[in-house]
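Accompanying notes for the structure given below.
The values are calculated or read from the model by the stated rules, or taken from the named source; none is laboratory data. Remember, predicted model here, so these are calculated numbers, not experimental data. We place every Cβ from the backbone using ideal geometry, glycine too, and count neighbours over all the protein chains shown. All accessible areas refer to the heavy atoms of the entire protein, side chains included, with ligands and DNA or RNA removed. Shrake-Rupley method; radii C 1.70, N 1.55, O 1.52, S 1.80 Å.
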Amino acid sequence: MKVIDMHAHILPAIDDGSKSVKMSIEMLNQMYEQGVSVVCATSHYYREQNDIPTFLQRRNNAYQKLINARGENALPMILPASETAFFRGISQCSQINDLCIFGTNTLMLEMPFTEWTEQMIEEVESLVLDRNIRVVLVHPERFCFSKENKQKIRKLMELEIPLQINAGSLIDHKTRKLAFELIQMTPFPLLGSDSHNLKSRAPNLKKGREIIRKRLGDSFVHRIEKNCYRYILDENYEL
């Protein structure tokens, strides 16, 4: 089964990730050396900065620059996506599907770095139940600064919303305990590098996978791989 990085900022000069095509290519080379075959290019989307058509145009321009520089069939395969920051009214947004991973209805959702309100949770529930969006909560370990947020994460998991843990949170001794707690708590664990550059936040999926394998075994790593397939596969393309 191919290794999938669910979360990476590898498109050049579109957000706080890769600063250039050259950096993007080197990041992708490192991912390939680590065994990654598919990467979701989850560029940040903030409603207050761009409308969705503007964001999609900027993302497409960055994607085409990268594809033109490295070749269409180079590996890892890139799936255009977004890391969409929660915004008020997201459940009613008519273009929300355009922010999903390409060819799917999977939305990588970043919740606010604050105490979550019941209204926020209701909007996420509406995305799932009313809009048929497959919401993925990205790096939930960053939001567990309060008991209330932890409880709301558990509530969202009742809707079979998966949690995408960052490999860096497993690597860092300070956050490892919480990351393992969350990745074992969710019925649908997912893993991403959340890589942004070549130094402070370099591709690290291999090391994260090795830590999981050492603690939880090969079967758990395989479970993550199957879940990644579940959330990116679509009849429009084959891996």
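What to note about this one:
- Calculated log₁₀ intensity ratio I(q)/I(0) where the Debye formula runs over C-alpha points of the range 75-145, q = 0.20, 0.29 Å⁻¹: -0.83, -1.47
- Three principal axis extents of the range 122-239 based on alpha-carbon atoms, in descending order, are 41, 40, 30 Å.
- Dimensionless Rg ratio for the range 108-169, taking C-alpha atoms and the 2.2 N^0.38 Å reference: 1.05
- Based on Cα contacts under 8 Å between residues 6+ apart, the chain shows a relative contact order of 21 percent.
- Tensor-based shape of the range 152-193 (alpha-carbon gyration tensor, a/c under 1.5 rounded, otherwise prolate or oblate): prolate
- Mean projected area in nm² (Cα convex hull; one quarter of hull surface) for the chain: 12.1 nm²
- Helical mean residue ellipticity (222 nm; -39500 (n - 2.57) per DSSP H run of 4+; nearest 500) of the chain: -12500 deg cm²/dmol
- Spin-label model, ASN61 to LYS226: label points 7 Å out along the Cα-to-beta-carbon direction sit 4.4 nm apart.
- Checking the cross-link pairs LYS22/LYS177; LYS19/LYS207; LYS19/LYS177; LYS150/LYS214 against a 30 Å limit on the alpha carbon distance flags LYS22/LYS177; LYS19/LYS177 as lying beyond it.
- Exposure of SER146 as accessible area (Å², to 10), given a probe of 1.4 Å and all protein chains: 10 Å²
- Diffusion coefficient of the range 25-128 by Stokes-Einstein, Kirkwood radius over Cα pairs, 10 °C, 1.306 mPa s: 105 µm²/s.
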